[in-house]
Structure formats: C-alpha cells, structure tokens
1. Over region B:2-107, what number does the Rg to Rh ratio reach, with both radii from the alpha-carbon atoms and Rh per Kirkwood?
2. How big is the charge dipole of region B:2-107 about its Cα centre, in debye rounded to the nearest 20, if each Lys and Arg gets +1 on its Cβ and each Asp and Glu gets -1 on its Cβ?
3. Taking the Cα atoms only, what angle lies between the long axis of helix B:114-134 and the longest principal axis of chain B, rounded to 10 degrees?
4. To make sure I understand the rule: partners must be lysines, Cα under 25 Å from the Cα of A:LYS89, and not fewer than 8 residues away in the same chain. Which ones qualify?
5. In debye to the nearest 20, how big a dipole does chain B give about its Cα centre with +1 on each Lys and Arg Cβ and -1 on each Asp and Glu Cβ?
6. Please give the peptides B:178-189, B:51-62, A:86-97 ranked by average Cβ packing (other Cβ atoms within 10 Å per residue), highest first, as a rough proxy for protection.
7. Two-decimal Rg/Rh of the protein assembly as shown from alpha-carbon positions, Kirkwood Rh?
8. In debye, nearest 20: dipole of the protein assembly as shown around its Cα centre with unit charges on the Cβ of K, R (+) and D, E (-)?
Amino acid sequence: MAGHETKQVRPKTAQDHLRIAAGSPLAIQGIFLEIIRERFRPDAGLEWVWDADPTLTNILIETSYNEEIESRNKVPAVYVTRLQSTPTKMAVGDRSTVHLPDHQEVFKALMRIDLQLECVSNDEGESTVIADIVQFMILASQDVIQREFGFYSFTHPVLGQTLPQDREQVKWATPISFSVEFWIHWAQVPIAPLLQQLSQKITLQGRDAFRQTVLNSMRRAT
Amino acid sequence: MDVLITRTIPVYRTPEDHGVFIQWTVTTAPSADIIFTLERAGSPTGPFDVILTNLTGYYFFDKFRTVPEPPLGATRENLNFLSLVRTIYYKITATASTGAVAFSINGVKTALPPRQERLERKIKRDLAVGFKFNGTSAYILKRKHWGVRCRKCFDVLTKKVTNSKCPVCFGTGFEGGYETPVLITGRFTAPNSNTDMTPQGLSDTTKMRFICADYPDIDPLDVIVDKYRNHRFIVQQQSETELRRNTIHQSMVISFLSTDSAEYQIPVNTDMVPVIY
C-alpha cells in the first residue's frame, strides 16, 4: 500500500490495479502524465493543446523510452521519466506496529522517487517556454498534488539547461527534475503460530505414539 | 536591350566599411537614357529588396546592410556581408527612357580565366546530361537569415523563436521564413534509415545525399522539396567540388523531415500531374 490516510499513490484514470500497484513506476508516471495533460487542456488558454490523438495534438505528452508511440519525432513534446526509486529507513527495522495475537507485524518506509520531465522542441525558445510552464505548474500545485495523489512530500522542481539533441533535425530539450516521497506499508504474518495446533500420529514398533507437535516458531511459540 | 551583371565581389576594408562591389554592362543598348534599379535577396528567385533606384552608373558598392527599413512596429535583422556561408543574389533592372526593360540576376562569386571557364562549363554540362537520366525535380527553399523579424513569435530581446510551428515564420524567426522556392534538378542517392530508441521513444532518421549543380548555393538548414512526392528534407551538411575555387557541383547530406514539421506548411507549388511510369 502506498499513500496517506485518504489517497493512494495512483492516477485518477483507471489502471489495472492487479498489475499496477499504487506507488509503482507506472502509477507514478501515470499521475504526472495526467497532471501535465490537464495543464495543456483546450480551455487552459495556452498556445499548445493536448489531444489524445497523436495526429491531432499539437503537444505530445507521453512517457519516455516508449516504443509504443506511433508518432515519431513529434514536437513539441513533454516526456515523463521515472528515475531511481529509493525506500528510506524511517524507523528501527522499518517496524510500525505489531499485532500480538497473530503476531502480524506492520512495516513502513518513506519511498523517494526521482522524476524528470523533458520538454522537447525544434526551437530552443519554445522548449524553454514549455519547460517554464511545466515547472511553475508543478511548483504552484504541489499542495494539491500531494493531497490528491497520496504524496508525503515534494521537492521543488529544478529547471535544467536547454541542450540540443541530434535527431532527424536538431531538437532542443529542457529537463525538469524533482522528487516525490510517499509512505509505503507492508505486513508480515508469521505462519508458524498458525501451525501450532497441528497434531501428528506416529507409529513406532507397532504402537501408536501420539504426540502434540509444537513448532518452535521464531522462538516465540511454546 | 540586355543587361548583365559582370562582377560581384565582396570587399572588406574596415569593420564600418565593407560590402559587395557590383558591376554590370548593357548590350544592344537603345539610344536613350537608361536608369538602373538594384535589388538584393537571399535566393535567385527573390523576394528582392530594393536597395537603390535611379542609378545611372554601371557599378555600385553595396554597403547598405540596413536597407530596407522595416515596417512600423517591426524589427529587422540586418544583413551580414561578412558571413562565411551566405550567398547574396543581386538583381539589376535597366529601364530605358524608351520604355525597354531588362534585368539580370547574379550571385556573389569570382570570375575564372577563359580557358578554365570553358572547362567549368563542360563539367557542368556533363552533370546536366547525367541528370536527364537520374535527376529529380526539387524545390530549394533558402532559409532567410536577414530581414523583418516575425512579429508573432519572435522575442526581440533574447532573439529566440517561441513557437516552432509558427504559421508566419515556420520556426525561423523571419516573416515568411524562406525565400521564394527555386526549382532545380538534382539526384537523390539511396536513403539510409535508422530507428533508434531515445528518451523520446523511437526516433526515425532517414539520411541521404542530394547532388546538384552549383546554382543556387545551398546552405545548411535550407529545405529541399521533392517536387513529385512532396517529401521535405533539411540540409545538414554541404560540400562542393571546385575548379580554382569556383563551385562545380554541390553534394548535401539531407535528412527526411517528420511529416508534422513546420517545414511542410511552407507553400510550394507541388500542384502537378504525377509522373506515370
């Protein structure tokens, strides 16, 4: 489980929850795709309007390193890249609580994910302008994003240098880097105590030798 | 009456005093007064900017890099006579008092001795004969490098284009973006296509060479349009073969542009009957 008391770290658009867990890489990328696409909606008053159809949109907003996008070399574009995910130790042994009757242990850690948004255009100026819009949108809506998508904290987005890239013609890319943090929780239920009442029937030299078998589970059983 | 530009030589004296010396001659001149109009463009097909009218002499030293004045409220990027890669095309129009009009267009270049000039013509003719068999018609779109700046998307302070698909400048920062298309014949070599995985997903690049005659001079960032297919290419590298520093033919590395590029919005007359083989 990833998130806070009221919201899980996953996008509003339906994803297959069995395959894509809250807080997992595709969920994180989905959240920021949704947020950036929302900023470039038709009534946002911007020159660039996002459309789900890659032939109609005049700004492409997708995940990076994606071989499923049929629109090749399209610009302007914003690409969402997930960088490393690092769980941070916040308590001794990550322990949060223990439920004594069944000895269920609950753990938690603060997951930190670094993200990079890349704003690409054929012109350096346009790349910079789009990057500025995206950076300020992320900066100004941090509180809302934290509340709505289950994040714990959010670093300020850093706008990087606009640099050329050699493609079919020179493209300019401006990176925006930031990190998000959210709580992740998990539990362990030792199965040994559940087996404590198992009985065993042993036949020894023609005689029944019934024994109540006690498993010594993690030195807590008796 | 015929008028012919005989010499266009770039001259550098001081940073303040440099330009292009242009000389012309009139043949079969009528018995009348003749006045000349001198114009300048980045492409042999124009559009031409008028530099001076009512000239009566047969030469002129063009150092008027700020001419013509931009329209009210517009900004002009002035011509750089010292640029190493720009070709300036001059047009001289002779108007006789009898009403006869003639004009000549010439790029800035040096002249060859007569023997080498004949050799140059022979080599160029051989190339032209070859193009009859393997040549393809193509339009050359010379990218503008001076003139009135785009009033829709260009930031004058930082000199940046802020819309790569601007309908006014097509991402060049100059109104109109490109000079009038020049129709030429050249040869496209077999393409080399690559698909690479990049942070922006799969990126397709198709590169090839385009070989053509020396005229007009083609520079990197100019656009070549395949007349029959409307495929558009951007020039990435340009190399030349020369005879005593005079260009004989040009060979360019060109890259096939994505079909959603702004360069496909540049109006080019490709309205023709396709070739039926």
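Every read-out reported here was derived from the displayed coordinates using simple, explicitly stated rules and does not represent laboratory data. Fair warning: this is a prediction, and the values are worked out from it, not measured in the lab. Ideal geometry is used to build each Cβ from the backbone, glycine not excepted, and the neighbour counts take in all protein chains shown.
1. Radius of gyration relative to Kirkwood radius: 0.99.
2. The calculated dipole for region B:2-107 is roughly 220 debye.
3. Relative to chain B, helix B:114-134 is tipped by roughly 40 degrees.
4. A:LYS7, A:LYS108
5. Computed charge dipole of chain B: roughly 420 debye.
6. Taking the mean over residues of other Cβ atoms within 10 Å, the ranking is B:178-189, B:51-62, A:86-97.
7. Here the Rg-to-Rh quotient is 1.23.
8. The dipole of the protein assembly as shown has a size of about 1060 debye.
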